[in-house]
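> Shown below is the structure under consideration.
The values are calculated or read from the model by the stated rules, or taken from the named source; none is laboratory data. These numbers come from a predicted model, not from an experiment. Glycine also receives a Cβ, built like all others from the backbone with ideal geometry; neighbour counts cover every protein chain displayed. Note: accessible area is taken over every heavy atom of the protein model, side chains too, but ligands, DNA and RNA are not part of it. Shrake-Rupley method; radii C 1.70, N 1.55, O 1.52, S 1.80 Å.
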Amino acid sequence: MKGTLIGLGAVAIWCVTTLLVAYITALPPLEFVGLIFFLGYVSMTLLQLYNGEDIRSYWRQPVKYYLFWLGTAGIYTIILFVSYSLVPFFEANILNHTWPVLLIVFTALLHSERVTAIQIFGGIVSFAGVVAIFMPTGDAPLFGDFHFGHALAIGSASLWSAYSAYAKRINYPVGFLAPVFLIFSAICFVLHFAFEPTVWPGNFEWTIIIILGIARVSY
């Protein structure tokens, strides 16, 4: 029951944060992600200090744990935010939220779990809904407005479902998220300075960035 309540809390945070992300349109995506995850690192570390936890132990984890998180959840976040900057937010978000359907597939493949009839039915309805949303009007070709940003959103859904399915095999402590957040933010800033112009956030944007940073505890 405790795990279920924590999961519901994470879902609630994600619903709010997704809505807040839609209000940030002026910031380059890599800069935006870097700021969010740096503040996520700061907030999680402060919480760990308050609880008297051994922070150094969280850093002393196998390299494969770092590579796993950065190669799945990290890349997922980057390509999702890039997709937000390339195509309408609603469309990117709809495609990204096909991940629960893909999670069924990955879970069945990785853990040899049986796929039920209701899950298959739900998957068919889900994908049918996505197709219906993107159905063209008039004489436009099917998926004629499908762009690179849409493909990135689908890729982000695939990465998140793979991360979610495989995470149960990775036994790292929750506190380990603080160091990977810091490393991930540093990677984002390096990529940002290499490929993006820097845009200084305004007061309203800083407020949302701070909220989103603290909300990284939803991980």
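> Going from most exposed to least, what order do 59, 200, 160, 14 have by accessible area with a 1.4 Å probe? Display every interim value, and only then the final one.
On the way: 59 95, 200 195, 160 30, 14 65 Å².
The most accessible residue leads, giving 200, 59, 14, 160.
> Now a separate question. Return the whole-Å distance between the Cα centroid of the range 147-219 and the Cα centroid of the range 1-79.
So the separation of the two Cα centres works out to 7 Å.
> State the percentage of accessible surface on the range 29-139 attributable to carbon and sulfur atoms; use a 1.4 Å probe and exclude ligands, DNA and RNA.
Using a 1.4 Å probe with all protein chains present, the range 29-139 comes out at 70 percent carbon and sulfur.
> Starting from the Cα gyration tensor of the range 1-87, take the square roots of the eigenvalues, sort them a ≥ b ≥ c, and report rounded, prolate or oblate (rounded when a/c is under 1.5, otherwise prolate if a/b is larger than b/c, else oblate).
The shape class here is prolate.
> Please return the longest range in the chain lying between exposed loop sites, taking trypsin sites (Lys or Arg not before Pro), DSSP loop only, at most 11 other beta-carbon atoms within 10 Å, and leaving the sites out.
115-219
> Probe of 1.4 angstrom, ligands and nucleic acids ignored: what's the accessible area per residue over the chain, in square angstrom?
About 55 Å² of surface per residue is accessible.
> Quick one: what are the phi-derived ³J(HN,Hα) couplings along the range 164-170, Karplus 6.51/-1.76/1.60 with θ = phi - 60°, whole Hz, x for glycine and proline?
Karplus-based 3J(HN,Hα) across the range 164-170 equals 5, 6, 8, 4, 5, 8, 9 Hz.
> Under a 1.4 angstrom probe, counting protein chains only, how are 188, 15 ranked by accessible area, largest first?
15, 188
> Can you give the relative contact order of the chain as a percent, counting alpha carbon pairs under 8 Å and 6+ residues apart?
Reported relative contact order: 47 percent.
> Now, a different point. For the range 141-189, which whole percent of the accessible surface, found with a 1.4 angstrom probe, sits on carbon and sulfur atoms? Present the calculation step by step, with values, prior to reporting the outcome.
Numbers: 1480 of 2160 Å².
That fraction is 68 percent.
> What is the chain by shape, rounded, prolate or oblate, if you read a ≥ b ≥ c off the alpha carbon gyration tensor as root eigenvalues and call it rounded for a/c under 1.5, prolate for a/b larger than b/c, and oblate otherwise? Before the final figure, lay out the partial values.
Working: a/c = 1.93, a/b = 1.21, b/c = 1.59.
Cα axes put the chain in the oblate bin.
> Now for a different question. What is the packing order of peptides 209-215, 36-42, 146-152, taking the mean over residues of other C-beta atoms within 10 Å and listing the highest first?
Ranked by mean Cβ neighbours within 10 Å, highest first: 36-42, 209-215, 146-152.
> Quick one: Cα convex hull volume of the range 56-129, Å³ per residue?
Convex hull of Cα atoms, per residue: 126 Å³.
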